[in-house]
Structures are given as C-alpha cells and as structure tokens.
Amino acid sequence: MTDNINKDCGLLSPEDMALAQSALEIALKEGASKARANLSCSVMDLVATLNGQVDKVTHSFDRSLTMYIFADGRYGTFSTNRVSAEGLTEFIRKGLETVRALSPDPCRNLPDINRTAMDAGSGLELGLWDPERNDMDPGRRRAIALEASIWPKEGLISEEGEYSDSVSDIYMVDTQGLECRHIETSFEYGVEVTAQDKDGNRYSGYWWDSSPKLENLEIGDCGLTAMKRAVAQFAPQDFPLGRYNMVVENEVAGRLLTPVLNALNGSAIQQQNSFLADSLGKKVFPDNLTVIDCAREEGRSGSRLFDSEGVATSNSTIIGHGVVEEFFVTTYIAAKTGLKPTVDDASRPKVMPTMRGGTSDLLHMCGDGILVTGFNGGNSNPTTGRFSFGVEGFLFKDGKIVHPVREAVITGDLVTLWNNLAAAGSDYRRCSSRQVPTLAFRDVDFSA
Amino acid sequence: MINTENYYLDTFGVSRSLMEELAAEGLRTGGDYSDLFFESTWGSSLMFKDGEVTFGGFNVDYGVGIRVLKGEKTGYAYSESTSREAMMSAAKAAGAIAGSSRSDASPARILTDARDSGSPYVRSDSNGGRPVRKFFTGVPNPAADRYPVLNDWRTCSTAGQAAFLSKLANTVTAKDNRIVKVIATLTSQMSDYLMFNSFGELKYDTRPLATVAVSVIFKQGDDMESKSVSRSWRTGSEMLSEELVSEIATMAVKGIDEKFEARRPKGGKMQVVMGAGASGILLHEAMGHAFEADFNRKGQSIFSDKMGKRICPKGISIVDDATLRGNRGSLNFDDEGVPGQRTMMVEDGILTSYLHDRISARFYGVTPTGNGRRESFRYEPLPRMRATYMEGGDADPQDIIASVKKGIYVDDFTNGQVKIGEGDFTFYVNSGFLIENGRKTMPVKDINIIGNGPQALADIIAVGNDPVVDKGAWTCGKGQSVPVSCGIPTVLVNGLTVGGEQAYD
C-alpha cells in the first residue's frame with residue numbers, strides 16, 4: 001500500500017484498491033475457490049485536556065487487509081497490517097495452509113451476489129464524509145479542545161476533556177464481483193468531571209457529542225452538562241423498595257434495547273442461546289413497541305449501505321407493533337438454520353415514539369417513580385432474558401425530581417419489562433447510532 | 001521468553017543509533033523524555049462449534065509507538081512501518097506536545113550511560129513510606145524469564161491444535177447428557193517487543209499468551225442454562241495437555257445442578273462471603289482501579305488523599321504482582337521498559353503504594369512500579385494492574401461460612417463496573433448460595449452485589465487462609481484491553497447490598 005492519502009475524499013488510493021483486487025487473484029491462483037478482501041484504513045487525531053490544559057495529543061494511522069478464504073469446502077479469516085505487493089502471496093499461502101487444516105463446512109459461502117450492495121461505489125453515497133476534516137490542523141484542534149473546557153469551576157476537582165476527529169475508509173471486494181466502499185468522518189468531544197460535596201464525597205458526570213460533520217458538533221454545553229449531572233447526584237437518599245414506574249433517560253435507554261437486539265442475532269439463535277429463539281413472526285412485545293432499522297438514513301452515525309459480508313442493508317422493521325419481524329441472519333447462519341438470510345446486525349435501530357416530548361414530559365405522564373440516568377453493572381441472561389441491572393438516578397413525585405438515588409437494582413425479565421412499556425418519547429440523541437428516546441415502563445421491580 | 005538483542009533489532013530492522021536519532025527527534029521541540037515501543041505480534045484462533053473445528057485464522061500486527069513527555073503531558077504517535085521516514089514523521093508528531101516547533105532548538109541529549117537511568121524521575125525521599133528501589137538497568141536476562149516457552153506458538157501445527165480442541169469439546173460433551181451445545185476456542189499469540197528511551201535504556205521481551213475456553217449450553221426440560229470456563233497462561237503450546245482437558249471439562253459441568261435449581265433470593269443488605277479465587281475480580285474492579293496512580297494524580301480516585309493511611313482492618317494486604325511464573329498478568333518488563341515487580345498496595349491495612357507508570361512516578365517522586373502497560377503499539381502506556389490479589393489471612397474458610405447467620409456466598413462474578421470517583425461498584429453474580437444459620441442452603445443466581453469499594457474494604461471482618469489466584473482469562477478494559485489476573489482468599493464482608501427480587505414483601 002502507498003503512504004499517500006487521497007486528500008479529496010477518503011484515505012485509500014487507487015493503488016491500494018488494486019492491491020485488494022490482486023489479493024483475490026492471488027487467492028484463486030493459489031487454490032482458493034472463493035475469497036473476500038476487506039481493506040480498511042483510518043486516521044485519527046486527538047487532543048485531550050486536563051483541568052483546562054492540553055494533556056495529550058495523539059496521531060493514529062491504521063491500515064489493514066483482512067482476507068476471508070474459502071478452499072476445499074473449508075474457511076478461515078486472516079488479517080495483517082503489513083501489506084505489500086511483495087508479501088501478499090506468502091500471507092495468502094499461509095492462510096490457505098491454515099484453511100486446509102480445518103474441517104470442511106459446507107455452510108460457508110459468499111452471499112448471493114444479488115443480495116449485495118450495488119450502490120456503494122464511491123463510499124460517499126450516505127453523505128458521511130466531511131471535507132472539513134482535510135482542513136483540520138493541530139492548532140485548530142487544540143483551540144477546540146481548550147475552548148470547550150469549563151475549568152476552573154467552583155466545586156470541580158477534575159475535568160478531563162477529549163476532542164478527536166477521524167476518517168474511516170473501508171473497501172470490500174470478492175471473487176464474484178462485489179465491490180463496495182464506505183467513507184465516514186467523525187468529530188467527537190467528551191468530557192468527564194469529578195465534583196466534591198461539602199463532606200468530601202466525590203461524584204462524576206459525563207457528557208459527549210459526536211457527528212460525521214464538524215458543523216453539527218455541539219460541544220459548547222458538554223462541560224456544564226457533565227457538571228450538572230455530577231452535582232445533581234449530591235446527597236443521595238434511600239428509598240423504599242418495591243415496584244415503581246421507571247423512566248429511563250435517552251442517554252442510557254439503549255442499554256435496555258441492546259439485549260433484545262442481541263437475542264435476535266441468528267448466531268445466538270442457532271446456538272440456542274437466545275430468549276427470542278422462536279419469536280419470528282410472533283407478537284412477543286406490546287402494540288406500542290415498534291423498532292425500525294434506519295440503516296440508510298443519510299448523514300447519520302451508524303448508517304451503512306452494506307454489512308460485513310457486503311450484503312445491502314435496508315430501512316426495515318425489526319419489531320412492528322410488538323411482532324418480531326426480523327432476525328439478523330448471515331449467509332452462514334442461514335445455511336445452518338434454514339432461516340432467510342438478512343444482514344449481520346441492526347445498523348441504526350430506532351425505537352419509534354409513542355408520544356411527543358422528552359424526559360420531563362414522561363415524568364409528568366408517570367407522576368411518581370424512579371428516573372434512571374445511569375446503569376452501573378449488572379447483566380442479562382441471554383438464554384432466559386432474566387436481568388439484574390445496577391442503576392442510579394432520581395426518585396420523582398408528581399412529575400418532579402425529589403432526590404438522587406444510587407446503589408439501586410432493577411430485576412425482571414426483558415420480555416415482561418418491554419411489555420410494560422408505557423411510552424417512548426421523541427427526544428432522540430442525534431449523536432447516537434442507537435436511536436432510543438426516553439422510555440417509560442410500568443411496574444418495575446426495584447429490589448435493592 | 002527473552003531472545004538476543006540482535007534478534008529484536010533484526011525483527012524491526014533498526015539499529016541503536018537510529019533509535020537514538022528517533023528519541024532525539026521526539027525531544028527536539030523541548031520534550032523532557034521520549035520512548036519507542038516496537039511490537040510484532042502474531043495471533044491465531046481456532047473454534048470448535050457444532051461438532052467440528054471449522055473456523056480458524058491468524059492476524060499479524062506490527063508497528064512502533066513513539067511517545068514524548070513534557071512534564072506530565074503526553075504526545076503520542078505510531079507508525080505501522082519501521083522505515084526511517086515513517087518513524088521520523090511519528091516522532092515529530094509526538095513531539096508536538098512540547099509546543100510549537102523551535103527551529104533553533106539544539107539536539108536533545110540522549111543519555112547513554114545506564115547509571116543515569118530514570119534519575120530525573122526518581123526522588124529519594126519516599127515511596128509510600130517504603131524505601132525507594134532503583135530499578136534494574138542491565139540487559140534483559142533470559143535466566144530470569146517469567147514465561148519461558150518450550151514450543152513457540154508460531155511453529156505449532158494447526159492440525160495439532162484442532163485435534164486438541166476436538167478432544168476437549170468431546171470430553172466436555174460426554175460429561176453431562178443435558179449438554180446441547182459446546183463451543184471451544186483456542187487463541188494464542190506471540191509478541192516481540194523492543195523498547196528504547198531517551199535515558200538510553202534498551203529492553204526487549206517476547207510475551208506468549210494463550211487461552212483455552214469452553215462455553216456450554218445445557219437443557220433440562222424447558223429450562224436452559226449456560227456455563228463458561230477458561231484457562232489462560234503466558235506459555236507455549238506445551239500447555240495443551242491431557243490434564244488441561246480434564247480440568248476444563250470438570251469445571252464446565254461443575255455446579256450445573258445447582259444452577260438449574262437456583263433462584264433469585266430476596267434482596268437487601270447482608271453479609272457476603274466471597275469464595276476464594278475468581279471473586280478477586282471484585283478486588284480488581286472495586287479497589288484496584290482506585291489504586292492506579294493516574295486516577296489519583298488527577299484527583300479522581302477516592303484514595304487520592306489516603307496514602308500512608310489505614311484504609312481497611314489490620315491483617316489485610318493487597319498485592320499487584322508481575323512476577324508469578326507463567327501468569328497471564330506477569331511481565332518481565334512493563335511497556336515502558338521498567339522491570340516487572342511485586343508491588344504491595346496495602347500492607348496490614350495501610351495504603352502503601354499506588355500503581356505507577358513513569359508519568360505518575362515522576363509526579364509523586366517515586367520509582368515506577370512497572371505498571372505502565374498498553375494494549376499495543378497504538379496506545380500510550382497507562383498505570384494498569386497485572387495479577388492483583390489479597391494475601392491469605394488466618395481464618396478457616398468453613399469457619400467463616402459457619403459464622404454467618406444470614407447472608408450469601410458468591411464465587412462466580414461477571415460484568416463488574418465501578419465508578420472511580422465515588423467508589424461505587426456493581427457486580428453480577430452468576431452463581432452462589434444463600435447462607436442460613438452458618439450453612440450454604442439454596443443456590444442463587446442472576447443477582448447483583450452492590451457496594452462502595454473503600455467501604456467494602458473497611459467492612460471486611462474475616463480473611464481466609466486459602467488464597468487462590470484464578471486461572472481464568474481476565475481482561476481489563478480501561479480504554480485499552482490488557483490481560484490481567486486476580487485472586488482472593490475466602491473473605492467475609494459485613495454488609496453489602498444484594499439485589500435479588502421480591503425484596504419488599
């Protein structure tokens with residue numbers, strides 16, 4: 001690969017992409033029946049601050065080639081960041097040697113070419129590339145990071161901020177003619193503060209923003225928001241255990257969706273490690289729960305035109321009015337299970353709103369309960385769906401915050417929890433690839 | 001494994017003079033210290049699934065990270081090429097931390113006398129009340145190697161490894177007729193490292209790391225349960241033995257009857273007995289991170305103002321150790337070239353040392369403790385744990401359980417999380433037992449243990465005489481992943497919150 005960066009858009013040069021194509025040719029020549037090559041390149045610059053001063057600057061540049069090799073009915077994957085035209089043949093030969101030592105697996109195959117993305121030629125189709133990244137320089141990055149700092153502020157004992165901008169360029173080809181590319185820029189800022197109350201107890205708060213486009217990055221309020229979140233936790237109090245309405249803030253509500261999406265993964269289903277194994281086409285969840293995959297939403301984090309096999313994504317319904325409409329099934333899992341192949345995972349899942357509004361509206365709707373603003377540990381059993389999560393947040397009454405709570409635990413099972421969904425707001429965080437608004441649930445067991 | 005100096009120089013295609021030049025380039029704009037971290041890693045993985053080893057692969061990762069320090073500030077850049085041009089470019093980028101370029105800057109002096117090593121970063125007054133030790137400045141000594149390798153993974157046959165995995169999976173399957181799925185994996189890697197810094201120190205090391213793991217799904221009636229077991233060491237392929245097959249297979253089905261019977265208990269505050277071994281992860285997460293000096297230097301840790309003070313009862317000592325032979329967390333040298341060592345963090349209840357990298361050691365005026373670790377050449381080193389464990393006490397474990405009227409016994413944790421500033425932690429308990437009137441009774445599962453790290457330490461009322469360092473594949477994530485291990489004897493904590501269900505009826 002060359003060291004020349006394609007400054008106009010993306011990072012990979014035509015020579016780099018030709019190298020990926022030649023890797024396929026070498027694989028076939030050396031005895032592979034099929035192969036896929038994934039060439040990825042990324043660059044990132046970061047400026048970290050500590051208490052209002054630059055604490056760290058880093059520069060990263062990565063390139064790697066991953067080969068997916070099918071030979072003699074067998075399959076293996078191999079990656080290297082030492083790619084040169086000279087070393088390619090030896091790398092692939094070694095890969096083939098490993099493949100031939102494995103047991104055959106007739107289910108391994110490339111995806112049907114008709115299912116692959118035909119519309120990802122330039123990598124720019126989704127509008128995730130910001131040319132502004134080319135104009136960034138060390139001075140500008142420092143200025144952004146330092147301007148975002150709120151240090152010093154009374155009550156804060158530490159403030160750590162981190163600004164970064166990056167470019168990712170992925171090029172995928174296979175021996176049946178697949179060729180697709182994804183280019184994405186990302187601008188991010190995150191800040192964590194530690195505040196101390198009058199008794200010397202410490203509380204931390206975090207806030208962040210991220211966007212593929214610099215002009216959409218909103219970092220001005222991050223520091224103050226983090227500080228407010230830290231200070232709001234001062235003087236937590238116990239509360240009586242029992243069943244409560246639970247409102248989960250949009251910043252953390254994705255934590256409850258993730259195990260549901262994991263349970264829809266074909267691999268978990270094939271391994272009998274999913275509590276939703278027999279749910280396809282069935283009404284498992286309530287009428288008011290609809291989750292769609294906005295995979296092709298332009299200009300948004302998480303959007304992609306193709307998955308890890310090159311299969312075209314689509315804007316689709318995952319759960320429609322409580323009915324499970326999609327499993328995430330790769331070509332391999334489809335062959336193993338007989339399920340219809342789809343994509344490897346959700347790209348930009350969105351829980352559809354049931355009402356307009358955000359946290360305060362849902363608090364008022366519920367009246368009394370617990371507002372959850374953070375998860376602290378815990379787990380869910382993928383086989384049974386039973387969960388136990390540590391949570392922190394606030395007790396609220398008559399729609400108003402009363403006092404912070406911590407060391408709380410919610411327990412139950414995920415199907416029951418989601419069937420108690422009272423409302424989903426419309427206050428999505430633009431920066432998140434998981435579009436989950438503030439959610440309200442009835443009758444949640446706060447057991448510690 | 002420690003090879004010859006020339007082996008490492010040849011692996012990375014560099015000379016001592018070139019490294020001196022690069023270190024000097026990093027300092028050109030006014031930095032205080034620079035170092036180079038070369039890495040060449042070869043990793044392999046194989047998976048047994050659905051009755052056969054049908055998946056495998058390897059990866060190659062190679063490059064150099066260049067760091068420049070200006071006081072406590074860090075500049076870092078890396079290159080995946082060790083060409084002179086690429087490395088010079090990275091050195092310049094890392095040097096940017098020292099401020100704007102000064103074209104008139106005189107070339108930085110690289111110390112070539114080993115006796116100067118580390119001197120600007122060591123003050124001779126105190127080290128948490130302990131004498132300051134000078135760290136080893138000589139060449140790496142193969143005779144002192146903590147992870148010798150008989151059979152290098154890089155030359156181990158794929159077919160042989162696949163046969164081992166098949167045997168393991170089949171042995172597990174034969175153990176219990178309720179087993180419906182077994183996944184077995186073998187991952188191995190060999191990493192060559194070469195480290196050079198502006199003190200003129202040159203260190204090198206080859207670290208093996210291998211993990212064998214099984215994940216098993218059981219079905220009994222309509223109920224499903226799962227169990228996972230892993231064993232991980234820094235060693236060569238000689239670890240693939242009959243004994244290992246037998247040990248993992250036995251552990252994979254151990255306690256599954258109780259797991260099917262287990263229920264969530266009523267929650268509430270109660271005494272908790274932590275079983276010896278894997279419960280040490282709680283020590284790692286809830287206390288160990290708060291001992292890492294970067295969190296203290298930044299004022300974020302709850303232990304920031306506790307050095308030299310009593311933080312838990314007498315009789316409790318907590319160690320972070322890089323010297324255990326073949327242990328997953330052991331190091332001949334850390335990733336800053338500082339010799340791996342045994343660090344007493346808490347001695348007889350007194351906080352005696354944080355875990356330091358060179359930056360925090362300079363800040364506190366102490367010797368680095370060999371805790372500067374990184375995931376790869378792509379990351380700058382940070383203070384990280386190695387093998388963290390509590391030393392044994394004098395109580396009989398059975399007496400500890402017998403002393404509890406109502407409480408819970410836990411020995412299998414997962415998904416721990418801690419808030420460094422507050423010290424609050426939550427751990428998910430895979431399995432355990434209720435303790436009623438001094439006896440283990442109903443099996444329990446799917447609960448959380450919640451508490452505050454420093455408070456939990458202070459609330460320890462008995463320490464067993466059965467210390468065990470767990471052999472599982474623990475990985476610590478602190479922005480970067482590094483292999484660690486953990487251990488603890490049987491310990492009784494007076495009051496922790498147990499999150500069960502129906503706690504309010």
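Is it the case that some residue within the range B:328-335 is in contact with a Leu (Cβ under 8 Å, 6 or more places away or on another chain), closer than 22 Å to B:Met287 by Cα, without any contact (Cβ under 8 Å) to a residue 40 or more places away in the chain and among the hydroxyl-bearing types (Ser, Thr, Tyr)? So far as the range B:328-335 goes, no, none of its residues is in contact with a Leu (Cβ under 8 Å, 6 or more places away or on another chain), closer than 22 Å to B:Met287 by Cα, without any contact (Cβ under 8 Å) to a residue 40 or more places away in the chain and among the hydroxyl-bearing types (Ser, Thr, Tyr).
Please work out which residue is surrounded by the most Cβ atoms within 10 Å (Cβ to Cβ), limiting yourself to the range B:418-438 and to residues that are more than 14 Å from chain A (Cβ to nearest Cβ) and outside any loop (DSSP other than H, G, I, E, B). So the residue we want is B:Ile435.
Yes or no, residue by residue, for (1) of a type in the set (S, T, N, Q); (2) surrounded by 16 or more Cβ atoms within 10 Å (Cβ to Cβ); (3) modelled with pLDDT of 95 or more:
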{"residue": "A:Thr2", "(1), (2), (3)": "yes, no, no"}
{"residue": "A:Ser22", "(1), (2), (3)": "yes, no, yes"}
{"residue": "A:Ile26", "(1), (2), (3)": "no, yes, yes"}
{"residue": "A:Phe61", "(1), (2), (3)": "no, yes, no"}
{"residue": "A:Thr66", "(1), (2), (3)": "yes, yes, yes"}
{"residue": "A:Ala71", "(1), (2), (3)": "no, yes, yes"}
{"residue": "A:Glu86", "(1), (2), (3)": "no, no, no"}
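Of the residues making up the range A:142-152, those that are more than 10 Å from chain B (Cβ to nearest Cβ) and crowded, with 16+ Cβ neighbours inside 10 Å are A:Ile144, A:Ala145, A:Leu146, A:Ala148, A:Ser149, A:Ile150, A:Trp151. Looking at the range A:302-309, can you tell me whether even one residue there is within 18 Å of the chain's Cα centre (by Cα) and among the polar types (S, T, N, Q)? So far as the range A:302-309 goes, yes, one or more of its residues are within 18 Å of the chain's Cα centre (by Cα) and among the polar types (S, T, N, Q). Residues of the range A:417-448 being outside any strand (DSSP E or B) and within 15 Å of A:Tyr244 (Cβ to Cβ), which ones? Scanning the range A:417-448 gives A:Leu417, A:Asn420, A:Ser447, A:Ala448. Within the range A:257-268, residues that are among the small types (Gly, Ala, Ser) have Cβ atoms under 6 Å from residues that are part of a helix (DSSP H, G or I) in these pairs: A:Gly266/A:Ile333; A:Ser267/A:Ile333, counting only partners at least 6 apart in sequence or on another chain.
No other residue among A:Glu309, A:Glu298 is in a loop (DSSP other than H, G, I, E, B) and touching a Lys or Arg at 6+ places or on another chain (Cβ under 8 Å) apart from A:Glu309.
Just need a number here: residues in the range B:445-472 that are in contact with a Pro (Cβ under 8 Å, 6 or more places away or on another chain) and under 20 Å from B:Gly255 (Cα atoms).
Residues of the range B:445-472 that are in contact with a Pro (Cβ under 8 Å, 6 or more places away or on another chain), as a first pass: B:447, B:458, B:460-461, B:463-468.
Those still in the list that are under 20 Å from B:Gly255 (Cα atoms) too: B:447, B:468.
Count: 2.
When the range B:174-230 is filtered for residues that are within 14 Å of chain A (Cβ to nearest Cβ), of a type in the set (A, V, I, L, M, F, W, C) and under 20 Å from the mean Cα position of the chain (by Cα), only B:Leu186 remains. Among the residues of this structure, B:Gln300 does not count as one that is in contact (Cβ under 8 Å) with a residue 60 or more places away in the chain, more than 14 Å from chain A (Cβ to nearest Cβ) and not basic (Lys, Arg). Being on the phi < 0 side of the Ramachandran plot and either within 10 Å of another protein chain (Cβ to nearest Cβ) or in a loop (DSSP other than H, G, I, E, B) (or both) is true of A:Cys9.
Looking at the range A:159-167, can you tell me whether even one residue there is of a type in the set (S, T, N, Q), touching a residue at least 24 places away in the same chain (Cβ under 8 Å) and closer than 18 Å to A:Glu309 by Cα? If you could, list the steps in order and put the result at the bottom.
First, the residues of the range A:159-167 that are of a type in the set (S, T, N, Q): A:164, A:166.
Among the residues that remain, those that are also touching a residue at least 24 places away in the same chain (Cβ under 8 Å) are: A:164, A:166.
So of that shortlist, the ones also closer than 18 Å to A:Glu309 by Cα come out as none.
Among the residues of the range A:159-167, not one is of a type in the set (S, T, N, Q), touching a residue at least 24 places away in the same chain (Cβ under 8 Å) and closer than 18 Å to A:Glu309 by Cα, which makes the answer no.
Given the conditions (1) within 30 Å of A:Ile333 (Cβ to Cβ); (2) modelled with pLDDT of 95 or more, and given that A:Ser166 satisfies all but one, which numbered condition is not satisfied? Among (1) within 30 Å of A:Ile333 (Cβ to Cβ); (2) modelled with pLDDT of 95 or more, the lone unmet condition for A:Ser166 is (1).
Of the residues B:Gly26, B:Gly31, the single one that is within 22 Å of B:Ser79 (Cβ to Cβ), of a type in the set (Gly, Ala, Ser) and in a loop (DSSP other than H, G, I, E, B) is B:Gly31.
Restricting B:Ser230, B:Ser226 to those that are of a type in the set (S, T, N, Q), part of a strand (DSSP E or B), more than 28 Å from B:Pro140 (Cα to Cα) and modelled with pLDDT under 95 reduces the list to B:Ser226. Counting only residues that are small (Gly, Ala, Ser) and within 14 Å of another protein chain (Cβ to nearest Cβ), how many does the range B:439-472 have? Within the range B:439-472, residues that are small (Gly, Ala, Ser) and within 14 Å of another protein chain (Cβ to nearest Cβ) number 3. Only one of the listed residues (A:Thr58, A:Thr80, A:Thr49, A:Thr89) is facing another protein chain (nearest Cβ under 8 Å), among the hydroxyl-bearing types (Ser, Thr, Tyr) and touching a helix residue (DSSP H, G or I) at 6+ places or on another chain (Cβ under 7 Å). That residue is A:Thr80. Restricting A:Arg133, A:Arg181, A:Arg140 to residues that are of a type in the set (Lys, Arg), within 25 Å of the chain's Cα centre (by Cα), assigned by TED's automatic domain parsing to the domain that holds A:Pro111 and farther than 30 Å from A:Asn114 by Cβ narrows the list to A:Arg133. Residues in the range A:54-94 that are free of Cβ contacts under 8 Å to residues at least 12 places away in the same chain and polar (S, T, N, Q): 1 in all.
Taking A:Pro240 and the conditions (1) outside the structural domain of A:Leu363 (by TED's automatic domain parsing); (2) out of contact with any strand residue (DSSP E or B) (no Cβ under 8 Å at 6 or more places or on another chain), which numbered condition does it fall short on, given that it satisfies the others? Unmet for A:Pro240, out of (1) outside the structural domain of A:Leu363 (by TED's automatic domain parsing); (2) out of contact with any strand residue (DSSP E or B) (no Cβ under 8 Å at 6 or more places or on another chain): (1). Of the residues that make up the range A:349-370, is at least one under 30 Å from B:Lys445 (Cα atoms) and touching a Ser or Thr at 6+ places or on another chain (Cβ under 9 Å)? Among the residues of the range A:349-370, not one is under 30 Å from B:Lys445 (Cα atoms) and touching a Ser or Thr at 6+ places or on another chain (Cβ under 9 Å), which makes the answer no. Of the strands (runs of 3 or more DSSP E) lying entirely inside the range A:314-410, those containing at least 2 residues that are within 14 Å of chain B (Cβ to nearest Cβ) and not basic (Lys, Arg) are A:369-380, A:386-397.
As for the range B:259-273, it holds no residue that is touching a residue at least 60 places away in the same chain (Cβ under 8 Å), farther than 30 Å from A:Leu241 by Cα and of a type outside the set (A, V, I, L, M).
Looking only at the range B:50-75, count how many residues are at the interface with chain A (Cβ under 8 Å from one of its Cβ atoms) and either touching a residue at least 12 places away in the same chain (Cβ under 8 Å) or surrounded by fewer than 20 Cβ atoms within 10 Å (Cβ to Cβ) (or both).
15
Among residues belonging to the range B:346-382 that are aromatic (Phe, Trp, Tyr) and modelled with pLDDT of 95 or more, point out the one that is farthest from B:Thr74 (Cα to Cα). Here the answer is B:Phe377.
In summary, strands (runs of 3 or more DSSP E) completely within the range A:161-264 and bearing 1 or more residues that are touching a Ser or Thr at 6+ places or on another chain (Cβ under 6 Å) occur at A:179-196, A:202-211.
For the range A:274-289, state whether one or more residues are in a strand (DSSP E or B), over 21 Å from A:Thr383 (Cβ atoms) and under 17 Å from the mean Cα position of the chain (by Cα). There is no residue in the range A:274-289 that is in a strand (DSSP E or B), over 21 Å from A:Thr383 (Cβ atoms) and under 17 Å from the mean Cα position of the chain (by Cα). What are the residues in the range A:136-151 that are part of a loop (DSSP other than H, G, I, E, B) and closer than 17 Å to A:Glu192 by Cβ, if any? Correct list: A:Ser149, A:Ile150, A:Trp151.
The values are calculated or read from the model by the stated rules, or taken from the named source; none is laboratory data. Small disclaimer: the values here were computed from a predicted structure and weren't measured. FYI the Cβ positions are ideal-geometry reconstructions off the backbone, even for glycines, and counts take in every protein chain you see.
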